[in-house]
Amino acid sequence: AMGDSDAASSGSVFIPDNTIKFGFRIMGVFVNVSSEKTFNGDVTFSAAFNTTGGINYLELGGKAFMGTEIKERSKATMKASLLAKYDDVKGVFDLNIAIAIKYPQTGKTLIQTTQDATLALNVNEKQKIGDHAKWSLTIGTPKVPNQISFLELNTWAYFRTGNNLVANTSFQPITLTGLRGINPSFSGLPEPLGNDAKAGKGFDFGIGFNTKGDLHFGNFKGGFSLGGEVNCSMIQYDASHSCVTDRFNYWYARGGLAAYASVYMRYKSLLDVYLGLAAMMQAGAPEPLWIKGKAAVKLRIKVGFIKLKIKATIPFKYGSICPKDNEADEGSDGKEEEE
């Protein structure tokens with residue numbers, strides 16, 4: 001997480017290193033000339049050279065603050081930090097950006113990041129994937145997506161790309177909690193697609209939201225819950241993948257879609273109504289092509305002494321997730337397995 005010290009500071013530290021013959025750091029503070037409250041920040045540039053005169057590393061860092069004066073940076077409505085470093089000894093370039101928002105700082109918050117929204121770029125020239133340097137770009141991650149809230153609406157997203165990427169195949173915990181609140185049978189992982197843990201080049205992303213609210217008018221109580229998610233990956237594997245075919249040069253897409261909604265109404269002990277709907281689908285293409293998912297409904301009505309409960313789940317499936325596994329099974333006993 002980025003610091004929010006009320007004093008201007010580069011945040012950089014020089015550590016003694018006998019491989020460095022000479023190094024320097026330039027530090028500065030910048031402000032909007034008309035009003036430092038609009039925009040102000042720090043910037044630092046560092047460089048170090050080895051004993052033979054070559055570059056050890058170059059580093060550029062900075063912090064920016066909006067909506068606050070330099071002496072009150074902890075009250076900024078937006079904070080951003082940047083650190084870019086090229087290490088010539090390790091052959092690594094790293095770029096890290098973090099942004100935090102809270103507006104307004106006092107009173108009811110209208111917009112806020114749950115934690116720092118992050119972007120990271122890494123290039124490692126000494127680690128090769130085929131003939132190319134290993135690289136990755138991440139904007140949030142499946143485990144820690146970038147999250148931002150607008151009043152009671154919570155949204156999140158992540159995007160990753162690179163040439164050594166293991167695709168995400170699951171839904172977010174918050175999405176699964178919403179689905180399982182309507183029917184406990186919802187799961188976040190489909191059947192494995194052979195070497196699911198294998199890395200390849202490509203990208204994956206996810207985006208989702210959730211919100212809820214309550215309404216109370218005297219003896220009447222009501223409320224709702226709503227959420228959804230879309231995730232997708234497109235990865236090119238190598239020939240060692242146990243399920244993906246070479247028909248499309250080992251490129252494979254995989255994705256998921258989930259949504260849930262529930263509403264309830266109560267009036268004293270005379271009326272109690274609950275309705276919940278949920279659906280989840282996951283799919284892969286082009287070869288093998290498969291779709292798998294389920295839909296669920298939950299209804300509860302109580303009017304006086306009359307009670308009605310309906311609970312149903314409808315699963316659906318098309319295609320085989322890994323046809324090669326099916327072929328192996330058929331060859332072992334000479335019979336085609338029925339679904």
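Hey, could you check region 232-264 for residues that are free of Cβ contacts under 8 Å to residues at least 40 places away in the same chain and of a type in the set (S, T, N, Q) and say which is most open to solvent (accessible area, probe 1.4 Å)?
That would be Asn249.
Among all residue pairs at least 6 apart or on different chains, which show Cβ distances below 6 Å where the first residue, located in region 96-115, is open to solvent by less than 50 Å² (accessible area, probe 1.4 Å) and the second is in a loop (DSSP other than H, G, I, E, B)?
Within 6 Å, the pairs are Ala98/Met2; Ala98/Asp116; Ala100/Asp116.
Taking the residues in region 275-288 that are open to solvent by 30 Å² or more (accessible area, probe 1.4 Å) and touching a Ser or Thr at 6+ places or on another chain (Cβ under 7 Å) as candidates, determine which candidate is nearest to Gly208 (Cα to Cα).
Ranking the qualifying residues of region 275-288, first place goes to Leu275.
Residue-by-condition table, conditions (1) of a type in the set (S, T, N, Q); (2) more than 34 Å from the chain's Cα centre (by Cα); (3) open to solvent by 70 Å² or more (accessible area, probe 1.4 Å); (4) within 21 Å of Asp116 (Cβ to Cβ):
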| position | (1), (2), (3), (4) |
| --- | --- |
| Val33 | no, yes, yes, no |
| Gly41 | no, no, no, yes |
| Thr52 | yes, yes, yes, no |
| Ile55 | no, yes, no, no |
| Glu59 | no, no, no, yes |
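For Phe205, work out the one condition from (1) touching a Phe, Trp or Tyr at 6+ places or on another chain (Cβ under 9 Å); (2) surrounded by fewer than 17 Cβ atoms within 10 Å (Cβ to Cβ); (3) over 24 Å from Lys298 (Cα atoms); (4) not polar (S, T, N, Q) it doesn't fulfil.
Here Phe205 meets the rest and fails (2).
Please go through region 221-230 and give me each residue that is under 22 Å from the mean Cα position of the chain (by Cα) and open to solvent by less than 10 Å² (accessible area, probe 1.4 Å), ordered by number.
Once the filter is applied, which keeps residues that are under 22 Å from the mean Cα position of the chain (by Cα) and open to solvent by less than 10 Å² (accessible area, probe 1.4 Å), region 221-230 yields Gly227, Gly228, Glu229.
Go through region 164-219 and give me each residue that's of a type in the set (Ser, Thr, Tyr), farther than 12 Å from Gly256 by Cα and either at pLDDT 90 or above or touching a Gly at 6+ places or on another chain (Cβ under 7 Å) (or both).
Thr177, Thr211, listed by residue number.
Taking Val89 as the residue in question, decide whether it is within 17 Å of Glu59 (Cα to Cα), β-branched (Val, Ile, Thr) and surrounded by fewer than 16 Cβ atoms within 10 Å (Cβ to Cβ). Outline the logic, then answer.
Working: within 17 Å of Glu59 (Cα to Cα): yes; β-branched (Val, Ile, Thr): yes; surrounded by fewer than 16 Cβ atoms within 10 Å (Cβ to Cβ): yes.
So Val89 passes the test.
Condition test on Ala167, is it farther than 24 Å from Lys309 by Cβ, aliphatic (A, V, I, L, M) and surrounded by fewer than 16 Cβ atoms within 10 Å (Cβ to Cβ)?
In short, no.
Name the one entry in Lys309, Lys292 that is surrounded by fewer than 16 Cβ atoms within 10 Å (Cβ to Cβ) and either closer than 25 Å to Ala197 by Cα or free of Cβ contacts under 8 Å to residues at least 12 places away in the same chain (or both).
That would be Lys309, the only listed residue that is surrounded by fewer than 16 Cβ atoms within 10 Å (Cβ to Cβ) and either closer than 25 Å to Ala197 by Cα or free of Cβ contacts under 8 Å to residues at least 12 places away in the same chain (or both).
On the given criteria, is Ala157 open to solvent by less than 70 Å² (accessible area, probe 1.4 Å), part of a strand (DSSP E or B), small (Gly, Ala, Ser) and in contact with a Phe, Trp or Tyr (Cβ under 8 Å, 6 or more places away or on another chain)?
Yes, satisfied.
The values are calculated or read from the model by the stated rules, or taken from the named source; none is laboratory data. Keep in mind it's a predicted model, so treat the numbers as computed, not measured. Glycine gets a Cβ as well: all are built from the backbone with ideal geometry, and neighbour counts include every protein chain shown. Quick note on the areas: whole protein, heavy atoms, side chains included, nothing else; ligands and nucleic acids left out. Shrake-Rupley method; radii C 1.70, N 1.55, O 1.52, S 1.80 Å.
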